[in-house]
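Visitor: Please read through the structure below; I'll follow up with questions.
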Amino acid sequence: MKEETRLLVESGERFLTTNYSFENRRDLLKARAKNQTVVHNWDTFAQLGWTGLGIPEEQGGFGDLSDMFELLRVLGEGLILEPLSSSLIASQLLSLCSESTFASDTLTRTIAGESRVISAITESINGFSSGESITRAVDCEDGFEVSGEKNLILDGDSASSLIVSALYQNPDMESAQIGLYLIDCESDGISMKNSDTTDDRQLVNIRFDHVVLPRESLVLKNGAAVNAIEFEENLRAACASADALGAMQSLLFRTVEYSKDRKQFGKAIGSFQVLQHKMADMFMALERAKSMFTMMCEAFTLSADTSRMVSMARVEICDSARLIGQHAVQIHGGIGISDELAAAHYFKRLTASQYYGGDSMYHLGRYLSLRSSSID
Amino acid sequence: MQLNLTPRLEAFQQEVRTFLSKELEPEMVAAVRSTTTVWVEREAMLSWQRKLSTRGWAVPHWPEQFGGTNWTPMQHYIFEVECARANAPELTAMGVKMVGPVIIRFGTDWQRGKYLSRIASGEDFWCQGFSEPGSGSDLASLSCRAERKGDEYIINGSKIWTTDAHNANLIFVLVRTSIEDKPQKGISFILVDLDTPGVSVTPIISASGDHEVNQVFFEDARVPVSQLVGEEGVGWTYAKYLLGFERGGSIKAERLKQELQRVNRLLLSKVRGHKDEFSIKQIERDLARLEILVESLSYTEMRVVAQLEAGGAEPGPEASVLKVEHTEIMQQITELAMMALGPYGAILERDRPKSGGKFSGYTGDITKDLLPIVPRYLNFRAATIYGGSNEVQRNIIAKTALHLS
Ligand SMILES: Cc1cc2nc3c(=O)[nH]c(=O)nc-3n(C[C@H](O)[C@H](O)[C@H](O)COP(=O)(O)OP(=O)(O)OC[C@H]3O[C@@H](n4cnc5c(N)ncnc54)[C@H](O)[C@@H]3O)c2cc1C
């Protein structure tokens, strides 16, 4: 591990120890239950520089994508509720829009912790895939007018601005072209509907009803926008995987400890062979997940084949998350289902996060199509 | 294997069907469809119980003199299957299937007179106080104490994971009345009114956010000795008799078939997105596989019933086999339903409608009817833990069916 990464991991661990005990987190959940957006530690994140993680130094950030995933893995151990990964994904997109001063300015403010941008790409007909956009942009007097709907946007409730994909067409064009638009959430015509998630976050449906935007809002277009959308999909899969890996590590550790403490029939339940084998299976699932995490980090350094590799990693990590979550509950017995204790919260995160960034089945299908197209 | 119903049984089946089509209300079916837990909402269940009770079918497995029937095993089977097929609410087991049979077999005449008819009618709502914080799988190590003082027992301790204690007015508890003998011997079976001073119920909220289980505390709760079932110190025997009912006591395959239908409907609604053909095919394949598994369970149930009908012994390891099979298939189905939800599989609405309309929030609107799927997935993880964990059931199968010890 690079020295820089090691320090980052340490700062993540320190943050969890000082700010994120189960009791601290429970207070945040109380705020969440009152429908407040959980951004209580955001200033700390900005001070630690985490809001600029993975962004090139010349744009005001530091570290690479591997560092970013590594930090998210560490924070996953504490089941953080803040929308850090969603914000970092959007910042990656902003970072690609180097020709737009509007985008660069927004990125600078985001790194400083003054604004939060969330990417809003997926639509309901496409399910998990970024697919095509039905959301449309047309010319109007002052710039563009955008209409459409984005579906189940993770952490959308926390956004001050959105990066939205939309198809643009004018009468002179033969076919529509995809573009990315940076939109202030306060714009007229935007409405949001939140859904609670199993792991106490929010998925948001965002409607755009003739939202009028200045010209500078179009921050990326054509081929560059197409590539950015694919990159975004991979990032969502990767960030959810990094977070899940951290949660898996912590949950396995907690389960093993519990099995040593809990006594039935005069013995620690960890002495029963059937539970030992379950925990051995959890350990092996975790090893598979770690290996695929390594592969996934590598995938982002390559110029081609990233999507295929990310999908492979996602399949294995989702399956491990499910196995580890389910076994952990079973080994805990009744205690495993009580919302008052940590195990259930890890189980819930591992259940919900399978559905962020595409689940195992979706990525298996995606892998299958990329795999066959790579055979000549 | 075919059921090969005799004309007499066919007529019986018809009788049950007619009853169901006349008496079962759409709101009750809706309550079954929208429930997120094992049991349906209390009011829906009780309305159905009243109808069954009027017809004399609320406690068919009890002896006729206490309001039951003299049905053969095959008739019981037909009745359960038809109720499941019609999506009728299942009656909560704690009264009719657990404490009822124990009172009939081991209770005093006074207890029979006081409780049985009220169990059958649904006037009394019972909960089961066996497990304790320190005693789950190893139930015999339980430590909730009942000390005899004159004509009373004074109970101190607590019970945990008590399903429906917040809906119940009575609890049957296993308590320790002596610590001299080996653990199983000092246990007694006592019937306690939840209104007794010193008894209190604290909710435990599940991961799903549902309130299903509780902790019940006893602080110097005084209970008349007349509430003791059978003999002091023999409670363990009665509990084992009761657990036989809990584990193998009902027919489940038909209910699982209804659950598969739910996944089927979901799949057709294409909530995963119209373009995810690969996943849809994959889920279809998994669904077909589960249908076959459920069919195998259905035939296992029929074989057990046929054996009983032919006058064979009460099921031994078969009860454990049925418990393991049905709970694990149920978990696979709830998991597949989550897959069918796709991106919606992450949603767990905190303020989901727990009741609306007459009993429930079921509307026939697919987007609303998705709501129970995620909480059901979460809640049914408990199915392999309660009623004797599946690890413990496998220990029983290894020991009693395979004589491995
Ligand atoms: C939703 C729910 C509802 C419930 N309702 C009721 C109720 O109404 N009334 C009531 O009395 N109880 C109820 N229970 C309690 C239930 O019966 C216990 O949870 C169960 O007996 C397991 O006990 P435990 O939770 O203490 O787990 P433990 O006994 O601590 O078990 C923990 C783990 O160890 C394993 N284990 C234990 N012993 C062995 C062994 N010998 N070999 C191999 N593995 C072993 C278990 O399988 C489990 O995986 C309910 C539980 C739940 C979750």
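The values are calculated or read from the model by the stated rules, or taken from the named source; none is laboratory data. What you see is a predicted model, and the numbers here were worked out from it, not measured in a lab. A quick note on method: Cβ atoms are made from the backbone with ideal geometry, for glycine too, and the neighbour counts reach across all protein chains shown.
Visitor: Mind listing just one residue for me: the one in segment B:314-342 that is among the β-branched types (V, I, T) and more than 15 Å from the chain's Cα centre (by Cα) and, of those, surrounded by the most Cβ atoms within 10 Å (Cβ to Cβ)? Don't jump to the end; show me each part of the working.
Guide: Pass one, segment B:314-342, residues among the β-branched types (V, I, T): B:321, B:324, B:327, B:329, B:333-334.
Now narrow it down to the ones that are more than 15 Å from the chain's Cα centre (by Cα): B:321, B:329, B:333-334.
Values: B:V321: 21, B:I329: 20, B:I333: 25, B:T334: 23.
The extreme case among them is B:I333.
Visitor: Same structure again: Answer yes or no: is there a residue in segment B:263-282 that is within 23 Å of the chain's Cα centre (by Cα) and either assigned to a loop (DSSP other than H, G, I, E, B) or not hydroxyl-bearing (S, T, Y) (or both). If you could, list the steps in order and put the result at the bottom.
Guide: Keep residues of segment B:263-282 that are within 23 Å of the chain's Cα centre (by Cα), which gives B:263.
If we keep only those that are either assigned to a loop (DSSP other than H, G, I, E, B) or not hydroxyl-bearing (S, T, Y) (or both) too, we end up with B:263.
Scanning segment B:263-282 turns up at least one residue that is within 23 Å of the chain's Cα centre (by Cα) and either assigned to a loop (DSSP other than H, G, I, E, B) or not hydroxyl-bearing (S, T, Y) (or both).
Visitor: Consider A:R288 against the criteria (1) crowded, with 18+ Cβ neighbours inside 10 Å; (2) away from the ligand (no atom under 16 Å from the Cβ): it satisfies all of them except one. Which criterion is unmet?
Guide: So A:R288 meets the others, but not (1).
Visitor: Can you name every residue in segment A:29-49 that is in a loop (DSSP other than H, G, I, E, B), surrounded by 14 or more Cβ atoms within 10 Å (Cβ to Cβ) and on the phi < 0 side of the Ramachandran plot?
Guide: Once the filter is applied, which keeps residues that are in a loop (DSSP other than H, G, I, E, B), surrounded by 14 or more Cβ atoms within 10 Å (Cβ to Cβ) and on the phi < 0 side of the Ramachandran plot, segment A:29-49 yields A:T37, A:V38, A:V39, A:H40, A:N41, A:L48.
Visitor: From the residues in segment B:151-201 that are within 14 Å of chain A (Cβ to nearest Cβ) and within 17 Å of B:D220 (Cα to Cα), which one is farthest from the ligand (Cβ to nearest atom)?
Guide: Ranking the qualifying residues of segment B:151-201, first place goes to B:S158.
Visitor: Mind listing just one residue for me: the one in segment B:210-228 that is modelled with pLDDT of 95 or more and within 16 Å of the ligand (Cβ to nearest atom) and, of those, nearest to B:T37 (Cα to Cα)?
Guide: Within segment B:210-228, the subset modelled with pLDDT of 95 or more is B:213-228.
Still in the list and also within 16 Å of the ligand (Cβ to nearest atom): B:213-218.
Numbers: B:V213: 11, B:N214: 14, B:Q215: 18, B:V216: 20, B:F217: 24, B:F218: 27 Å.
Result: B:V213.
Visitor: A further question follows. Name, by its number, the condition in (1) under 21 Å from the mean Cα position of the chain (by Cα); (2) away from the ligand (no atom under 16 Å from the Cβ); (3) not hydroxyl-bearing (S, T, Y) that does not hold for A:G325.
Guide: A:G325 satisfies all of (1) under 21 Å from the mean Cα position of the chain (by Cα); (2) away from the ligand (no atom under 16 Å from the Cβ); (3) not hydroxyl-bearing (S, T, Y) except (2).
Okay, residues lined up against (1) modelled with pLDDT of 95 or more; (2) surrounded by 23 or more Cβ atoms within 10 Å (Cβ to Cβ); (3) in contact with a strand residue (DSSP E or B) (Cβ under 6 Å, 6 or more places away or on another chain):
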{"site": "A:E149", "(1), (2), (3)": "yes, no, yes"}
{"site": "A:V164", "(1), (2), (3)": "yes, yes, yes"}
{"site": "A:Q169", "(1), (2), (3)": "no, no, no"}
{"site": "A:M173", "(1), (2), (3)": "no, no, no"}
{"site": "A:S187", "(1), (2), (3)": "yes, no, yes"}
{"site": "A:S191", "(1), (2), (3)": "yes, no, yes"}
{"site": "A:H210", "(1), (2), (3)": "yes, no, yes"}
{"site": "A:C239", "(1), (2), (3)": "yes, yes, no"}
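Visitor: I'd like to check something: does segment B:273-296 contain any residue that is modelled with pLDDT of 90 or more, more than 14 Å from every other protein chain (Cβ to nearest Cβ), within 30 Å of B:L139 (Cα to Cα) and buried (at least 21 other Cβ atoms within 10 Å of the Cβ)?
Guide: no
Visitor: So, one more: If a residue counts only when it is in contact with a Cys (Cβ under 6 Å, 6 or more places away or on another chain), which helices (runs of 4 or more DSSP H) contained entirely in segment A:301-376 have at least 1 such residues?
Guide: Once the helices (runs of 4 or more DSSP H) in segment A:301-376 are filtered for at least 1 residues that are in contact with a Cys (Cβ under 6 Å, 6 or more places away or on another chain), what remains is A:360-373.
Visitor: Also, quick follow-up: Provide a single number: the residues in segment B:107-140 that are hydroxyl-bearing (S, T, Y), farther than 18 Å from B:Y241 by Cα and within 16 Å of the ligand (Cβ to nearest atom). Before the answer, list the steps.
Guide: Our first condition is that a residue be hydroxyl-bearing (S, T, Y); within segment B:107-140, this holds for B:108, B:115, B:117, B:121, B:131, B:135, B:137.
Filter once more, so that each one left must be farther than 18 Å from B:Y241 by Cα: B:115, B:117, B:121, B:135.
The next check asks that each one be within 16 Å of the ligand (Cβ to nearest atom); those that pass are B:135.
Here the count works out to 1.
Visitor: Within segment A:287-314, can you find the residues that are within 17 Å of A:F69 (Cα to Cα) and among the aliphatic types (A, V, I, L, M)?
Guide: A:A289, A:M292, A:M295, A:M296, A:A299, A:L302, A:M309, A:V310, A:M312, A:A313
Visitor: Looking at this structure, is A:H327 in contact (Cβ under 8 Å) with a residue 12 or more places away in the chain, touching a Phe, Trp or Tyr at 6+ places or on another chain (Cβ under 9 Å) and within 14 Å of chain B (Cβ to nearest Cβ)? Please lay out each step first, then the result.
Guide: On the way: in contact (Cβ under 8 Å) with a residue 12 or more places away in the chain: yes; touching a Phe, Trp or Tyr at 6+ places or on another chain (Cβ under 9 Å): no; within 14 Å of chain B (Cβ to nearest Cβ): yes.
Taking the combined requirement at face value, the residue does not satisfy it.
Visitor: Let me ask something else. Just checking, does segment A:221-235 include any residue being in a helix (DSSP H, G or I) and at positive phi?
Guide: Taking segment A:221-235 as the starting set, the residues that turn out to be in a helix (DSSP H, G or I) are A:222-235.
With the extra rule that they be at positive phi, the set shrinks to A:222.
Yes, because at least one residue in segment A:221-235 is in a helix (DSSP H, G or I) and at positive phi.
Visitor: Of everything in segment A:104-157, what is part of a loop (DSSP other than H, G, I, E, B) and more than 16 Å from A:Y356 (Cα to Cα)? Give them in sequence order.
Guide: Start the filter on segment A:104-157 by keeping residues that are part of a loop (DSSP other than H, G, I, E, B), which leaves A:112-116, A:121-123, A:127-135, A:141-142, A:155.
Once the filter is applied, which keeps residues that are part of a loop (DSSP other than H, G, I, E, B) and more than 16 Å from A:Y356 (Cα to Cα), segment A:104-157 yields A:A112, A:G113, A:E114, A:S115, A:R116, A:E132, A:S133, A:I134, A:T135, A:E141, A:D142.
Visitor: If A:L48 meets every condition in (1) in contact with a helix residue (DSSP H, G or I) (Cβ under 9 Å, 6 or more places away or on another chain); (2) closer than 30 Å to B:D351 by Cβ apart from one, which number is that one?
Guide: Exception for A:L48: condition (2).
Visitor: Residues to consider are A:G52, A:G63, A:G76; find the one that is surrounded by 15 or more Cβ atoms within 10 Å (Cβ to Cβ), on the phi > 0 side of the Ramachandran plot and of a type outside the set (V, I, T). Let's see the steps before the verdict.
Guide: Values: A:G52 fails: on the phi > 0 side of the Ramachandran plot; A:G76 fails: on the phi > 0 side of the Ramachandran plot.
Answer to the selection: A:G63.
Visitor: Is there a residue being assigned by TED's automatic domain parsing to the domain that holds B:L170 and hydroxyl-bearing (S, T, Y) anywhere in segment B:111-131?
Guide: Within segment B:111-131, one or more residues are assigned by TED's automatic domain parsing to the domain that holds B:L170 and hydroxyl-bearing (S, T, Y).
Visitor: Would you tally the residues in segment A:336-355 being touching a residue at least 60 places away in the same chain (Cβ under 8 Å) and either more than 9 Å from chain B (Cβ to nearest Cβ) or of a type outside the set (F, W, Y) (or both)?
Guide: 11
Visitor: What are the residue pairs meeting all of these: first residue in segment B:25-43, first residue within 14 Å of chain A (Cβ to nearest Cβ), second residue within 15 Å of the ligand (Cβ to nearest atom) and polar (S, T, N, Q), Cβ atoms under 8 Å, and 6 or more apart or on different chains?
Guide: That search, which allows pairs on different chains as well, returns B:T36/B:S208; B:T36/B:N379; B:T37/B:N379; B:V38/B:T163; B:V38/B:N379.
Visitor: Another question about this same structure. Kindly indicate which of B:G387, B:G345 is within 14 Å of another protein chain (Cβ to nearest Cβ), surrounded by 18 or more Cβ atoms within 10 Å (Cβ to Cβ), within 16 Å of the ligand (Cβ to nearest atom) and modelled with pLDDT under 95.
Guide: Details: B:G345 fails: within 16 Å of the ligand (Cβ to nearest atom).
None of the others qualify; the one that does is B:G387.
Visitor: Check A:K267, A:K278 and return the single one that is within 11 Å of another protein chain (Cβ to nearest Cβ), out of contact with any Asp or Glu (no Cβ under 6 Å at 6 or more places or on another chain) and under 28 Å from B:N379 (Cβ atoms).
Guide: Numbers: A:K267 fails: under 28 Å from B:N379 (Cβ atoms).
On inspection, the qualifying residue turns out to be A:K278.
Visitor: Looking at (1) in contact (Cβ under 8 Å) with a residue 24 or more places away in the chain; (2) part of a helix (DSSP H, G or I), find the lone condition where A:R26 falls short.
Guide: (1)
Visitor: Considering segment A:356-370 alone, what residues qualify as being without any contact (Cβ under 8 Å) to a residue 40 or more places away in the chain and within 7 Å of chain B (Cβ to nearest Cβ)?
Guide: So in segment A:356-370, the residues without any contact (Cβ under 8 Å) to a residue 40 or more places away in the chain come out as A:361, A:365, A:368-369.
Listed by number, the residues that qualify are A:M361, A:G365, A:L368.
Visitor: Out of all the residues in segment A:80-96, is one or more in a loop (DSSP other than H, G, I, E, B) and either of a type outside the set (A, V, I, L, M, F, W, C) or within 30 Å of A:L218 (Cα to Cα) (or both)?
Guide: Taking segment A:80-96 first, the residues in a loop (DSSP other than H, G, I, E, B) are A:80-83.
Narrowing the set further to residues that are either of a type outside the set (A, V, I, L, M, F, W, C) or within 30 Å of A:L218 (Cα to Cα) (or both) leaves A:82-83.
Within segment A:80-96, one or more residues are in a loop (DSSP other than H, G, I, E, B) and either of a type outside the set (A, V, I, L, M, F, W, C) or within 30 Å of A:L218 (Cα to Cα) (or both).
Visitor: Please verify whether B:E301 is assigned to a helix (DSSP H, G or I) and under 22 Å from B:V81 (Cα atoms), treating the condition exactly as stated.
Guide: On the way: assigned to a helix (DSSP H, G or I): yes; under 22 Å from B:V81 (Cα atoms): yes.
Yes, satisfied.
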